[in-house]
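Encoded as structure tokens, the structure appears first; notes follow it.
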Amino acid sequence: MNNALLFIGGILITALAVLFAVPRFVDWNSYRGVFEEEASRILGREVRVGGAVNLRLLPAPFVSFEKLRIADIGDEGGNSIIRVESFTMWLSVPPLLRGVLEANRVELRRPVLNLAINAEGGGNWRTLAVAPGAFPFAPKEVALQSVAIHDGAVIVNTHDRGELARFDAINGELTAEALDGPFRFRGAVSWDGAPRHVRLATAKLDADGHLRFKAAVDVAGSANSYVLDARLGGLKTTPTLEGDLTAKLGLGTNAASADVTPPAAPEPKAGPLTELAPDMDPSLDLDGEKAAPRVPAPATAPTGETPPRNGAKAFELKAKVKGTALGVALDDITISLEAGTTPQLITGQAKFGWADKTQLDVDLSSRWLDLDQLARTGEARMPLDAVRSYFEVVAAALPAEADTNAQLQFDQLTLAGEPIGNVRLAASRSGGPLELKGVRADLPGGVRLELDGVLTPGKRVPDLDGTLFVSGKSLMRFLAWGLGNPGFGRERSDGPFSLDGRFALGDGTLALTDATVEFSGTPLEGDLRLDLGERRRLAIAIQGPRIDVAQLGGGVVDLAHLQRLLLGTDAPADDAADTPAAQQPFDPAGGDLALDLKVAELVDGGRRLKDVDADIRLERGKLSIPRLRFATAEGLYVEAEGEATD
């Protein structure tokens, strides 16, 4: 009996030794053609192995291939739809005894998936499928416990435009209970140079070929996150997508981007996956467990900038998504802004397509927005200058390389504490600067604004150039609001006005040229340039038949008043008390002035001057008058020039 047991034991030891040793002495590269033929039959595509082939049975069965290629078809893509630098698969022994091929670990190094979209919205993936193999011992069931992906990439191409999108630096883990799902992926993906953390979970592929999935994307280094709960259909013909999108996005373009290294592929997890419910219960976490409240990492604060106390930090976007391989549409868009105690909502729709060219169409509207609460900076700014920054926000939100058409409508906005009504804005871009067409608004002072222009990128901030028409009932109230100076114009006469001309708004500069102005029935022409740099500079050129300077306050054409105005000489106590500094049209202590005046008649109360031709300049306390000519009503003609230093 003992001899029999020893004999049987010897046979088992010999068999195990053979299993350990024999594969090492077999040149599996000579069987490369067999592997390629069987894999090509299963996948329906030509499969080629350009590197080494290796196989082991014990202690853990595994097979590995290097430089694996799966061919593309027709002219819809490149030479390979899938290429993998290294493919290694470890198998579980117990399932093999039941005829089940269960990979407890698969490693893919530098896998690249090339997807090509044709003109009909189909692609090179349509005929890629898994068919039964020819070998009699080929397993009928396949399960993947862990597929570790290292430095992968997905490249999307169109039939006539070449590369459309690239997702690279893919590192993560994919699991699947069967080849038809459910699937799970967790890892990191880089798009447009920014790393993103991705979690994806799907149900099983149903009988109609539809695949329900839920994906969550968090942008590294920010509070931006996206969740898409949708259904894919038509994978074998023309893919369609339908579902719900929820996004939480931070406001502000100056936030410092964090230097984040995408995480390496995680170690495989033991245990079976939890299949998603058919209705994709939103409370189910993408990790397969009930979701606990997730606190997003705070966004990096802008360097040297303190967020406003009541300013908006983020907004939430919800929309219905419908799409194909050629474009996507967002319907029932609802954008809720987190600012103040009153909810602020924007609604609308958007379409984004990339068939022949990249094109974006956006239509958004709102009943009311408080721009003061949404402001990203707490520093005091002139409303007229702040308007340019909001145009800049619009330009930054629209893709620079797409043909863009945007329609924005707001029933009422609040800016600098004043309501702005009936705001309409049409913007378009075709591979160049942003064109503003039909900007219309009702401003304080009963003023109607009509603006058309072009927003061109500058060194620090964009430049806004175009045509401007403004008309209203109260010039002084409009200027008091627009210049951010509530006291401006209180002691001056007021009345209806209109202005028509070309304007240029740059980095701290405002220019108005070829302007035609009518104030209280008096027409004028001229130019204006305001430089809001370290030292303000105001340059004005005016010509016309008549100017009544009563709106600037009585007594302007008076030597004492001109001296105080131009040189900042101390005024008498009574005048100083009656004329606050905030109401002075020009402060000579902190700015320079250039005035070119040509009028047939200059009226200041009882004083009247005729044929006035004046060139007056004040620069850093130095007054120069290159030219001064006028005549009085009594017939006195004066011509002078000179300079004075304070």
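The values are calculated or read from the model by the stated rules, or taken from the named source; none is laboratory data. It should be emphasised that the depicted structure is a prediction, and the values quoted were computed from it without experimental measurement. Here the Cβ is made from the backbone with ideal geometry for all residues, glycine too, and neighbour counts use every protein chain on show. Quick note on the areas: whole protein, heavy atoms, side chains included, nothing else; ligands and nucleic acids left out. Shrake-Rupley method; radii C 1.70, N 1.55, O 1.52, S 1.80 Å.
Given the whole protein assembly as supplied and a 1.4 Å probe, what does the accessible area of Arg126 come to in Å², nearest 10?
Solvent-accessible area, nearest 10 Å²: 80 Å².
What FRET efficiency comes out for the pair Asp363/Leu636, r = Cβ-Cβ distance, R0 = 56 Å, nearest 0.05?
FRET efficiency, Asp363 to Leu636: 0.30.
By average Cβ neighbour count within 10 Å, what is the ranking of 537-544, 638-645 from highest down?
Per-residue Cβ counts within 10 Å, averaged per peptide and sorted highest first, yield 537-544, 638-645.
Suppose the chain between Glu66 and Asp331 were pulled fully straight at 0.36 nm per residue; how much longer would it get relative to their current alpha carbon spacing?
Here the answer is 90.8 nm.
If Lys and Arg each add +1 and Asp and Glu each add -1, what is the summed charge of the other residues whose beta carbon sits under 9 Å from the beta carbon of Asp332?
For residues surrounding Asp332, the net value is +1.
Quickly rank 197-207, 236-246 as a protection proxy: mean count of other C-beta atoms within 10 Å, highest first.
197-207, 236-246
Taking the full set of protein chains and a 1.4 angstrom probe, give the accessible area of Tyr226 in square angstrom, rounded to the nearest 10.
The accessible area comes out at roughly 80 Å².
Please state the shape class of region 389-488: rounded when a/c is under 1.5, otherwise prolate if a/b exceeds b/c and oblate if not, all from the C-alpha gyration tensor.
The shape class here is prolate.
Can you give the accessible area of Glu601 in Å² (nearest 10), computed on protein heavy atoms with a 1.4 Å probe?
Probe radius 1.4 Å; accessible area of Glu601 about 50 Å².
Longer than 21 Å from Cα to Cα, which of Lys236/Lys357; Lys322/Lys351; Lys214/Lys318; Lys320/Lys357; Lys248/Lys320 are they? Say none if no pair is.
Lys236/Lys357; Lys320/Lys357
Using 1/(1 + (r/R0)^6) with R0 = 25 angstrom and r between the beta carbons of Leu317 and Leu483, what's the FRET efficiency to the nearest 0.05?
0.10
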